[in-house]
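A short worksheet on the structure shown next.
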Amino acid sequence: MCGVNLLLDLSGAIYWPDERTLIVADLHLEKGSSFAARGVLLPPYDTAATLDLLGRVVARHAPRRVIALGDSFHDGGGPARVMPQDRATIAELQRRRDWVWIAGNHDPDPAQEIGGAFAKSLSLGPLTFRHEPTRGAVDGEIAGHLHPSARVAQRGRAVTRKCFAADDRRMILPAFGAYTGGLNIRDRAFIAAFGALAFTAHLIGERRLYAFAAARCLAG
């Protein structure tokens, strides 16, 4: 994309080898505790599960930089609710590497005592990293926010999977968090971002990615 080679990881992250940079979107840490505060009881293990997966991805690629593309916490109070053991995990993941929290719509303000640096967006070479994709033609944009998923029919049955939505100019990452869902790529939000259904959905399978033209994917 824009002359940059990017590795799409089965976790939903991407890795930029030349810059040793790992990018993840929409961790939504502490979503469980946020719902519990509103009386919707969910198992309170989403932060630990998300960090465990992130830790395995970090160990696999050994990045020198990690960029979290916003909505890293489910709400502004999320950082304060992080359990001590999970806070220690975050600190360990940040050790000896640069860590950038991009502002999201759920967490627009810098968090206290969570480590790393905070930015509205970040540009590296030909790529720009932000939370919400902009409308229209934007070269080199890497974003999250929309939680892309795709539904396809194969061998007489339909399956839905999280996916990367991308063309040769921009990419929208799937949500990484344990309690995050997906938005079908036939939704008008994706058409607004890409201008048309002329992009590719890279569905995340058990052992590999499966590329489908967005126009071939099913609605719903």
task: Find the centroid of the Cα atoms in the stretch 57-107 and in the stretch 134-150, then give the distance between the two in whole Å.
output: 21 Å
Taking the stretch 1-146 and dividing mean pair separation by its residue count, relative contact order in percent (alpha carbons under 8 Å, at least six apart): 22 percent
field: Cβ-based net charge around L53, under 12 Å, with every Lys or Arg adding one and every Asp or Glu removing one
entry: -1
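Summing Lys, Arg as +1 and Asp, Glu as -1, what charge do residues with Cβ under 13 Å from the Cβ of I191 carry, I191 excluded?
Numbers: positive: R135, R186, R188; negative: D167, D187.
Once all neighbours under 13 Å are counted, the net charge is +1.
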query: With charges set only on the Cβ (+1 for Lys and Arg, -1 for Asp and Glu), what does the dipole of the stretch 1-143 come to about its Cα centre, in debye to the nearest 20?
result: 300 debye
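Around S72, with a cut-off of 9 angstrom between Cβ atoms, what is the net charge of the other residues, counting Lys and Arg +1 and Asp and Glu -1? Write out the running numbers ahead of the final one.
Details: positive: none; negative: D26, D71, D107.
It works out to a net charge of -3.
Could you rank the peptides 208-220, 164-176 by their average count of other C-beta atoms within 10 Å per residue, with the highest value first? Don't skip to the answer; put the middle values down first.
Details: 208-220: 13.8, 164-176: 22.7.
The packing order, highest mean first, is 164-176, 208-220.
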field: Virtual paramagnetic centre 7 Å along Cα→Cβ of R188, amide N under 19 Å, in the stretch 137-179
entry: 137, 146-149
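State the three equivalent ellipsoid semi-axes of the stretch 56-158, derived from the C-alpha gyration tensor as the square roots of 5 times its eigenvalues, in descending order and whole Å. Provide the component values of the computation, followed by the final result.
Numbers: eigenvalues 139, 72, 53 Å².
Its equivalent ellipsoid spans semi-axes of 26, 19, 16 Å.
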query: How big is the gap, in Å, between the Cα center of the stretch 177-203 and the Cα center of the stretch 1-50?
result: 17 Å
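Counting only DSSP beta bridges with both residues in the stretch 58-179, tell me the antiparallel percent, nearest 5.
Beta bridges within the stretch 58-179, antiparallel portion: roughly 50 percent.
Where does the chain land at 222 nm, in deg cm²/dmol rounded to the nearest 500, when only DSSP H runs of n ≥ 4 count, each adding -39500 (n - 2.57), divided by all residues? Before the final figure, lay out the partial values.
Working: 5 runs with 45 residues, N = 220.
So the calculated ellipticity at 222 nm is -6000 deg cm²/dmol.
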Protection-proxy order for peptides 191-201, 143-153, each taking the mean of Cβ atoms within 10 Å per residue, highest first: 143-153, 191-201
- line: Given a 1.4 Å probe, the accessible area of the chain per residue, as a whole number of Å², is 48 Å²
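The values are calculated or read from the model by the stated rules, or taken from the named source; none is laboratory data. Because the structure is a prediction, the values reported are computed rather than measured. Neighbour counts run over all protein chains shown; Cβ positions are idealised from the backbone, glycine included. These area figures cover heavy atoms from the full protein model, side chains too; ligands, DNA and RNA do not enter into them. Shrake-Rupley method; radii C 1.70, N 1.55, O 1.52, S 1.80 Å.
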